[in-house]
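Data first, discussion second: the structure below is written as structure tokens.
The values are calculated or read from the model by the stated rules, or taken from the named source; none is laboratory data. Given the structure is predicted, the values throughout are model-derived calculations rather than measurements. Cβ: placed from backbone, ideal geometry, glycine included. Neighbour counts: every protein chain shown. In case anyone asks, the SASA skips ligands and DNA or RNA and just uses the protein heavy atoms, side chains included. Shrake-Rupley method; radii C 1.70, N 1.55, O 1.52, S 1.80 Å.
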Amino acid sequence: MTQVRIAPWSEDDLDLLRRLNAPEIRAHTGGPETDAQVLARHERYVRFGDTGQGCMFTVVLPGGVKAGSVGYWEREWRDEQVYELGWAVLPEHQGRGLATEAVRAVVAVARDRRTRRWAHAYPSVDNPASNAVCRKAGFTLLGETEFEYPPGHLMRSNDWRLDLAAPVGSASTPAAG
């Protein structure tokens, strides 16, 4: 049974983004942003779907409760164009597999675009929950790397990769459910 659905980011999602800016949620991604940075991020997310470079979504529970965010965007990684994935779930909804389900849903959207072979995620080596999401969603751990996030700050991250061209349900892609 599906616990979540993803919905394109909208003007109505600013409050959710402010709630996702909490210190406990942003601990592995450079800490909370200023309100001006949150407003700028929200505007990017709202316009993002129109660019063709990726898309941000809200993670929506049955009944319409917004529990987090998930998305993918283009980036160059090791001289190749790939999709990067990122997600966050509000504390009261963590630990129930919602992030894994949301990541699987956004992988399906990125796969359907058929424009990139690989999706990557770069959770901090010190973030066991996000690394577990990658493993459960079918990503392959390539190893540790230095990753710049936020801009100007290097962090030790794991480089997880998923083959968007592989058949769904194969050993290198996440199975539904």
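Checking 148, 101 one by one, the residue that is free of Cβ contacts under 8 Å to residues at least 12 places away in the same chain and open to solvent by 20 Å² or more (accessible area, probe 1.4 Å) is 148 and no other.
Here's the yes/no breakdown for (1) basic (Lys, Arg); (2) within 11 Å of the chain's Cα centre (by Cα); (3) within 22 Å of residue 22 (Cβ to Cβ):
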residue	(1), (2), (3)
40	no, no, yes
44	yes, no, yes
57	no, yes, yes
109	no, no, no
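In summary, residue 138 fulfils each of the numbered conditions (1) within 18 Å of residue 26 (Cα to Cα); (2) part of a loop (DSSP other than H, G, I, E, B) with the single exception of condition (1). The condition of being at pLDDT below 95 and out of contact with any helix residue (DSSP H, G or I) (no Cβ under 9 Å at 6 or more places or on another chain) holds for only one of 47, 41, 116, that being 47.
Scan the range 151-162 for residues that are over 24 Å from residue 90 (Cα atoms) and either open to solvent by less than 70 Å² (accessible area, probe 1.4 Å) or in contact (Cβ under 8 Å) with a residue 40 or more places away in the chain (or both) and the total you get is 3. If the condition is being closer than 16 Å to residue 165 by Cα and either small (Gly, Ala, Ser) or open to solvent by 30 Å² or more (accessible area, probe 1.4 Å) (or both), then the range 112-130 contributes 112, 113, 114, 115, 116, 117, 118, 119. Residue count for the range 86-111, restricted to those that are touching a Leu at 6+ places or on another chain (Cβ under 9 Å) and part of a helix (DSSP H, G or I): 7. Looking across the range 112-134, just one residue is in contact (Cβ under 8 Å) with a residue 24 or more places away in the chain, in a helix (DSSP H, G or I) and over 18 Å from residue 24 (Cα atoms), and that is 134.
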